[in-house]
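K.L.:
Just passing along the structure, written as structure tokens.
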Amino acid sequence: ERDQRPTAGKLLWMKVDDQGTSCAAECRTAYSGVVLRRSLRLTSKLLVDLYDVEAEKPRQIDWFVHANCATVEPTTIKTPPDVAATAVASLGRGVGYEHLTAARGWPSAAASSWEFAIADRKLKMWCAGDGADELFTAMGIGYSVEQRTPTVLRRRREAKQARFVTVYDLTPRGDYVTGIEPIAATDPTTIVVRTTAGSQTIRLTNPQPTK
């Protein structure tokens, strides 16, 4: 729970093909003793986001996403929201956490999916990783403190490393992606996404490794 240092990331690689664009970048100076590495795959129908965190010492690792919309709700938790969710007084101290209000805690899960409601459209988000996430929703801020944005927080406590896999369904109705296969420990940069058109295997590795 401390401010990120001013920093610039480093682009590791980028590849453009007839189906979309892939890239990876990392940062080693935002937080002392922490390496942040992000790999992305963007197509016309989905965005795959692989976010790796490596720390020298165990620490709390929080992953956030928010959207300029009205609401966000889980779609893989079957019980009613007033039963599944519990009110949370605070998600953290200072450094932006004070802007997260109306927080709710959800049952921890290694995989989950969420739906942001945007007028008559939906943004569906599928989450997986290398461990169970503590899951929270809250109302955050957007481009100004007056703009309210529904937020999802995935938390790992006392961890030295964490892998967060997220797939966003970019179709208007959010009905293209149907799930993510479990991430194999032996091949952590290969993501298998289930869709209505069949499974897609996405490899987020450098196509031209440096010798």
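K.L.:
If I take R0 = 22 Å and measure r between the Cβ atoms of N206 and S44 in this structure, what FRET efficiency does the formula 1/(1 + (r/R0)^6) give, to the nearest 0.05? All intermediate terms of the calculation are to be shown ahead of the outcome.
P.N.:
Details: r = 24 Å, r/R0 = 1.07.
The pair N206/S44 has a calculated efficiency of 0.40.
K.L.:
Now a separate question. Just round it to a whole percent: the fraction of Cα-Cα distances in the chain exceeding 33 Å. Don't skip to the answer; put the middle values down first.
P.N.:
On the way: 3022 of 22155 pairs.
When every Cα pair of the chain is considered, 14 percent fall beyond 33 Å.
K.L.:
Sorted by mean Cβ packing within 10 Å, highest first, what order do the peptides 184-195, 97-108 take?
P.N.:
On the way: 184-195: 14.7, 97-108: 16.3.
Listed from highest to lowest mean packing, they are 97-108, 184-195.
K.L.:
Turning to a different aspect of this structure: Could you give the nm distance between label points at A185 and T71, where each point is 7 Å from its Cα heading toward the beta carbon?
P.N.:
With each label placed 7 Å out from Cα toward Cβ, I get 4.0 nm.
K.L.:
What's the extension gain from T21 to A159 if we count 0.36 nm per residue and subtract their Cα-Cα distance? Before the final figure, lay out each step's value.
P.N.:
Working: separation 138, 0.36 × 138 = 49.68 nm, distance 3.11 nm.
Extending this stretch completely gives an extra 46.6 nm.
K.L.:
Within a Cβ distance under 12 Å of K57, other residues only, what is the Lys/Arg minus Asp/Glu net charge?
P.N.:
Numbers: positive: R59, K160; negative: E54, E56, E158.
After counting each charged neighbour, the total is -1.
K.L.:
Sticking with this one: Give the share of C-alpha pairs in each 10 angstrom bin for region 129-177, from 0 to the last occupied bin, in whole percents, shortest bins first.
P.N.:
Reading the bins upward from 0: 20, 32, 39, 9.
K.L.:
Next question, about the same structure. How large is the Kirkwood hydrodynamic radius of region 1-60, in angstrom, based on all distinct alpha carbon pairs? Walk me through the intermediate numbers first.
P.N.:
Values: mean 1/r = 0.0771 Å⁻¹.
Its Kirkwood hydrodynamic radius stands at 13.0 Å.
K.L.:
From the phi of every residue in region 5-20, what ³J(HN,Hα) in whole Hz does the Karplus formula 6.51 cos²θ - 1.76 cosθ + 1.60 yield, where θ is phi - 60° and glycine or proline is x?
P.N.:
Per-residue couplings from phi come out as 6, x, 7, 10, x, 10, 6, 8, 6, 8, 9, 10, 9, 6, 9, x Hz.
K.L.:
At a Förster distance of 30 Å, what's the computed FRET efficiency of Q147 paired with R93, Cβ-Cβ distance as r, to 0.05?
P.N.:
Details: r = 23 Å, r/R0 = 0.77.
Taking R0 as 30 Å, the efficiency between Q147 and R93 is 0.85.
K.L.:
List the pairs from K10/K45; K45/K160; K122/K160 whose alpha-carbon separation is above 29 Å, in the order I gave them.
P.N.:
Exceeds cut-off: K45/K160; K122/K160.
K.L.:
With +1 on each Lys and Arg Cβ and -1 on each Asp and Glu Cβ, how big is the dipole of the chain about its Cα centre, in debye rounded to the nearest 20?
P.N.:
Working: 28 positive and 24 negative charges, 82 e Å.
Using only the charged Cβ atoms, the result is roughly 400 debye.
K.L.:
How high is the relative contact order of region 111-181? Use alpha-carbon pairs under 8 Å, at least six apart in sequence, and give a whole percent. List each step's numbers first, then the result.
P.N.:
Values: 110 pairs, mean separation 25.7, N = 71.
In percent, rounded to a whole number, it is 36.
K.L.:
Choose one of P6, T190, Y176: the residue whose Cα lies farthest towards the positive end of the charge dipole of the chain (beta-carbon charges +1 Lys, Arg; -1 Asp, Glu; about the Cα centre).
P.N.:
P6
K.L.:
Along the Cα→Cβ direction, 7 angstrom out, place labels at A110 and T29. What is the inter-label distance in nm?
P.N.:
Rounded to a tenth, the inter-label distance reads 3.8 nm.
Throughout, read-outs are computed from the coordinates displayed, never taken from laboratory work. A quick note: this is a predicted structure, and the numbers were derived from the prediction, not measured. Counting neighbours? That spans all protein chains shown, and the Cβs are built from the backbone with ideal geometry, glycine included.
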